[in-house]
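See below for the structure under consideration.
The values are calculated or read from the model by the stated rules, or taken from the named source; none is laboratory data. Please read these numbers as outputs of a predicted model, since none were measured by experiment. Every residue, glycine among them, receives a Cβ derived from its backbone with ideal geometry; neighbour counts consider all protein chains shown. Side chains included, ligands, DNA and RNA excluded: accessible areas come from the protein's heavy atoms. Shrake-Rupley method; radii C 1.70, N 1.55, O 1.52, S 1.80 Å.
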Amino acid sequence: MTDPAGGDVEVRAEIGRVAAWEDLGSHRRTYAAAQPGIRRYVIEGVATLAAALVAAFGFAGGVAVPAIIGVTGMLMVGGRLLWDLLWLAYIHGRNRRVRLDLYERGLVVMVGGQARCVRYDTTMLRRNIIEHADSPAAKQVSYAYTLIDTGGDPVVLRQGIERPEEWGPEIDRAITAAQWPRTVEMLEAGGCLDFDYFWITRDAIGAGERSELWSRVTGIALSAGWVSVGVAGESAPLESLPVSLIPNFTLFRTLAERMRAEHARPV
């Protein structure tokens, strides 16, 4: 049974129950499983049919070369088509009940028949976005957002959920907004914020055992999925690392840019 908005009634009820239990607030948006395009399968089907016609004409005319070419094409392209259709059926079955629901204070994702809950104020996000071409089309970008659910376990959101270019940044922004007040409060109280490979205090930013005063930091540069912390008078950065290694990267970068601006030397 399905609901008018699309999806399984039982799934929707379970997601609502989890969201209410975790006090996620009002519902924002729903994203279903991504639907694969059929263009590739149509092309392979047409190619298989064309190869079959070539083979048929070859056999009918008693000409060996077209017959051999046609049969070879049927086996190669038709075999690929069969494999792709089997894979499509598997993906469809696996994603049949996949669903992502965004709420005011968190999200619920249905994966593997289980509703997993994430709260924006307590989770940790690692994002890994890979572009597989220059100026890539939407289907040439891979997305992986790894979050910690309310049970303390990781859950990964990928492009198997429709419109990752939309829900990914929205989740990122929501986490930053939810954790910003507590983060600033800790920093102003003299605490040290740990971002795994970087750490931040009111006076300095560090990477491992090396650190620099904010007044010497020239910028937090982001390029091709890497983040670098520039240092005045130094040819090499304090550190340069893939964004995917930095937990809550947007929070880290926003905080670092604020601290750098506050400690910037007058020109």
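Here are the numbers:
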{"read-out": "The one condition in (1) at pLDDT 90 or above; (2) among the charged types (D, E, K, R); (3) not in a strand (DSSP E or B) that R127 fails to fulfil", "value": "(3)"}
{"read-out": "For V77: the one exception among (1) out of contact with any helix residue (DSSP H, G or I) (no Cβ under 6 Å at 6 or more places or on another chain); (2) buried (at least 16 other Cβ atoms within 10 Å of the Cβ); (3) at pLDDT below 75; (4) among the aliphatic types (A, V, I, L, M)", "value": "(1)"}
{"read-out": "Neighbours by Cβ (under 6 Å, 6+ apart or cross-chain): first from the range 124-145, farther than 13 Å from A224 by Cα; second part of a loop (DSSP other than H, G, I, E, B) and modelled with pLDDT under 60", "value": "Q140/H132; Q140/A133"}
{"read-out": "Residues of the range 104-123 that turn out to be among the basic types (K, R) and within 18 Å of the chain's Cα centre (by Cα), as a count", "value": "2"}
{"read-out": "Of all residues in the range 209-267 being more than 21 Å from T176 (Cβ to Cβ) and part of a helix (DSSP H, G or I), the one that is most open to solvent (accessible area, probe 1.4 Å)", "value": "R216"}
{"read-out": "Residue list for the range 141-161, filter: of a type in the set (A, V, I, L, M) and within 12 Å of V111 (Cα to Cα)", "value": "V155, V156, L157, I161"}
{"read-out": "The lone exception for H92 - which of (1) modelled with pLDDT under 80; (2) in a strand (DSSP E or B) it fails", "value": "(2)"}
{"read-out": "Complete set of residues in the range 217-229 that are under 19 Å from M259 (Cα atoms) and under 27 Å from the mean Cα position of the chain (by Cα)", "value": "G219, I220, A221, L222, V227, S228, V229"}
{"read-out": "Those residues of the range 172-211 which are within 22 Å of the chain's Cα centre (by Cα) and among the β-branched types (V, I, T), in sequence order", "value": "I175, T176"}
{"read-out": "Qualifying residue in the range 246-253 (condition: more than 24 Å from the chain's Cα centre (by Cα) and either among the charged types (D, E, K, R) or under 19 Å from M124 (Cα atoms) (or both))", "value": "no"}
{"read-out": "Residues that are among the basic types (K, R), out of contact with any Ser or Thr (no Cβ under 9 Å at 6 or more places or on another chain) and at pLDDT below 95, drawn from the range 154-193", "value": "R163"}
{"read-out": "Count of residues meeting criterion [open to solvent by 20 Å² or more (accessible area, probe 1.4 Å) and either assigned to a strand (DSSP E or B) or not basic (K, R) (or both)] in the range 105-114", "value": "4"}
{"read-out": "W214 being over 28 Å from the mean Cα position of the chain (by Cα) and among the aromatic types (F, W, Y)", "value": "yes"}
